[in-house]
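Pasting in a structure now, in structure tokens, and then I'll have a few things to ask.
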Amino acid sequence: MSRTTLDLWVGFFVLIGAAALIFLALKVGNLSAASFAETYAVDVRFSNIGGIKVRAPVKSAGVVVGRVTAIEYDNTRFEAVVKLALDTRYEFPRDTIAEILTSGLLGEQYIGLEPGGDARMLADGETLKLRGQSAVVLEKLIGQFLFNKAGETPAPQ
């Protein structure tokens, strides 16, 4: 093999490696899921958002129907307000319930939408009427379990 052919193959593999690194960086940063489809904005209120982050997926029936665009805190109601951008291809009734779910036991958190039965659909800029179901905080769950166990007294024998 000549020197120029060898240099060409090495350059080819370096380019493939660089492309793979860029792809992995976009996947880890959740930037590869950027969509340029038209969206409409919906707000959801939660008492606890757990580990939800901006750009987290919004899913319904396992299908990604949107993304979290912003997370704010309401000083008057003392709740988190999560702003969602839902794809206009997907319509949801106004009584849709939003809940924070986890993929697997320790996986990423996402917002799940459970459609209601209202005939009217959500419109751009609306807030879901029913407050969303907050995230399950594992530490609180373990604390409640231990507190309940400590409160139990052994049965007299």
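Which ones in the range 46-74 are crowded, with 18+ Cβ neighbours inside 10 Å and not small (G, A, S)?
Across the range 46-74, the qualifying residues are F46, I49, I52, P57, V58, V65, R67, V68.
On the given criteria, is A80 more than 12 Å from the chain's Cα centre (by Cα), among the small types (G, A, S) and open to solvent by 60 Å² or more (accessible area, probe 1.4 Å)?
no
Taking the stated definitions as given, is A98 closer than 15 Å to R55 by Cα and touching a strand residue (DSSP E or B) at 6+ places or on another chain (Cβ under 8 Å)?
no
Within the range 1-18, is there a residue that is at pLDDT below 90, polar (S, T, N, Q), closer than 26 Å to P115 by Cβ and surrounded by fewer than 18 Cβ atoms within 10 Å (Cβ to Cβ)?
No, because not a single residue in the range 1-18 is at pLDDT below 90, polar (S, T, N, Q), closer than 26 Å to P115 by Cβ and surrounded by fewer than 18 Cβ atoms within 10 Å (Cβ to Cβ).
If you scan the range 83-109, which residues turn out to be in contact with a Lys or Arg (Cβ under 7 Å, 6 or more places away or on another chain) and open to solvent by 30 Å² or more (accessible area, probe 1.4 Å)?
Of everything in the range 83-109, those that are in contact with a Lys or Arg (Cβ under 7 Å, 6 or more places away or on another chain) and open to solvent by 30 Å² or more (accessible area, probe 1.4 Å) turn out to be R94, D95.
Counting only residues that are in a loop (DSSP other than H, G, I, E, B) and farther than 18 Å from A56 by Cβ, how many does the range 87-123 have?
Of the residues in that region, 13 qualify.
The values are calculated or read from the model by the stated rules, or taken from the named source; none is laboratory data. The model shown is predicted, which means the values in this text are computed figures rather than measured ones. Please note: Cβ atoms are built from the backbone with ideal geometry, for glycine as well, and neighbour counts cover all protein chains shown. Heavy atoms of the whole protein, side chains included, go into the accessibility calculation; ligands, DNA and RNA do not. Shrake-Rupley method; radii C 1.70, N 1.55, O 1.52, S 1.80 Å.
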